[in-house]
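Let me begin by presenting the structure, written as structure tokens, before commenting on it.
The values are calculated or read from the model by the stated rules, or taken from the named source; none is laboratory data. What you are looking at is a predicted structure, and each value in this text was computed from that prediction instead of being measured. Neighbour counts are summed over all protein chains in view; Cβ atoms, including those assigned to glycine, are modelled from backbone coordinates with ideal geometry.
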Amino acid sequence: MNIGIQTWGSHGDFKPYLALAVGLQSAGHDVTLVATTLNDINYQSAAEQVNIKFRHIASPIFSTEEHYVNAHNAILCESNPLKQAKIILNLAFDPVLEPMFEAAEKLCEENDLVIGQSFLYPLSLAAEKHNVPRVSIMLAHNLIPIPSVPPGGVPYLGPVVNRGVWWLISKIIAWTLNPNFKIMREGAGLPPVSDPLNDCLISSKLHLFAVSQEFCPQTNKWPDEYKVCGFFNSPNISVEGEISKDLDNFIKFDDRPIVYMTFGSMAMPFLSDQIEIITLFQEAATQAGCRAIIQAENWRLCDVKSNKDVHFVDFAPHDLIFPHCELLVHHGGAGTCQSSVLSGIPSVIVSFTDEQLFWGNEFNRLGLAPKPLKRIKVTSKQIAGKINEALSNTDMKTKAIEISSRMKNENGVKEAVEIICKTFS
């Protein structure tokens, strides 16, 4: 088959879809990947390295520092998840709707099947308009709209109550997406829908949850088109670098535990934010009395130097570095969360968004992390306290190793490829 894949977002939204593209191409399909990203990282070279046809469109979404900072601060300062989602759409999604829809239409004209994030409605509308089958994918499990599963963060109160809650959420999602969703449907010549989540965003053919069964166990009460395939883990890609000789020497310097500290793609690349994050992490590591690897994209411009207690990296291959660490302090992205557990280490989560807070609460529920912190107004003292809590709790480490041993038997990309091939053969 000719297969088109489209993604929008950060590095954590690009890497899993590149992994899926590689898996599908290895199975004999001709794959094209299209991405719209917040940053201007050279993903073209990463795609070329694995022989995937790639188009980088309408990127970076934040074309100026002012735009980036204003959007970042607006998202960070909004604690209401509904308003936060609306801000993300208004500032980072809606401005690139037209080029994403044009790219989606081209994919539909060229391919037999298209694949993309469930919320990426330019792709779902293009697929509906051109009558091309589509696979929708979610990288988290906080939105499974069926009576047997409550929404993320909501206690299970039975199927009757769940139906009512999901009905309300579907209305809220419609409010969040409109008016642009409605306008784009009309422009594509498609009839209106009252429930965008179930009638448009989630594919009626195949809807995948790219999450480990350890976090999202599937039951026989799920619809046939809902499948949990597992985490889209992938080897290091070129833009993530390698373990340098200096980093290797730091890791081997002594036996004190190492804490890896990163806010990933949630950290703005501008000097003021980089300095603030580095200071926060350095102070937390000092107060906790631990060694630390601190990831900050532009640390070299921040007048800091690596030493025997702290080592700075710009980008890092998680699959290679995490196994050398005892703990991970991070933002709670879906990929980072599952990579940490796959490496057998617990976490301290400092969330920026509601979805990241969901992962933080999930990790706490499963005994993989202390209660999560929120990035807004977080202090180094708070982070240091959580570091000490996690390092002193041997049950967390044991739990992480236990889940890791089972996750290593999963292969999310391989399972997804097999499900896709079986469904559309």
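Tabulated results
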quantity	calculated
Subset of the range 382-398 [assigned to a loop (DSSP other than H, G, I, E, B) and touching a helix residue (DSSP H, G or I) at 6+ places or on another chain (Cβ under 7 Å)]	none
Members of the range 296-308 that are surrounded by 17 or more Cβ atoms within 10 Å (Cβ to Cβ) and in contact with a strand residue (DSSP E or B) (Cβ under 8 Å, 6 or more places away or on another chain)	A296, W299, V304
Breaking point among (1) in a helix (DSSP H, G or I); (2) farther than 20 Å from P269 by Cα, for V31	(1)
Condition check for G360: in a helix (DSSP H, G or I), surrounded by 17 or more Cβ atoms within 10 Å (Cβ to Cβ) and in contact with a strand residue (DSSP E or B) (Cβ under 6 Å, 6 or more places away or on another chain)	yes
Test: residue in the range 341-349 that is in contact with a Gly (Cβ under 7 Å, 6 or more places away or on another chain) and crowded, with 21+ Cβ neighbours inside 10 Å	yes
Condition check for P16: part of a helix (DSSP H, G or I), under 17 Å from N180 (Cβ atoms) and not assigned by TED's automatic domain parsing to the domain that holds K374	no
Neighbours by Cβ (under 6 Å, 6+ apart or cross-chain): first from the range 284-308, part of a loop (DSSP other than H, G, I, E, B); second of a type in the set (D, E)	E297/D314
Residue list for the range 363-381, restricted to those being closer than 22 Å to L280 by Cα and not in a strand (DSSP E or B)	A369, P370, K371, P372, R375, I376, K377, V378, T379, S380, K381
Selection within the range 262-294 - surrounded by fewer than 21 Cβ atoms within 10 Å (Cβ to Cβ), hydroxyl-bearing (S, T, Y) and modelled with pLDDT of 95 or more	T279, T286
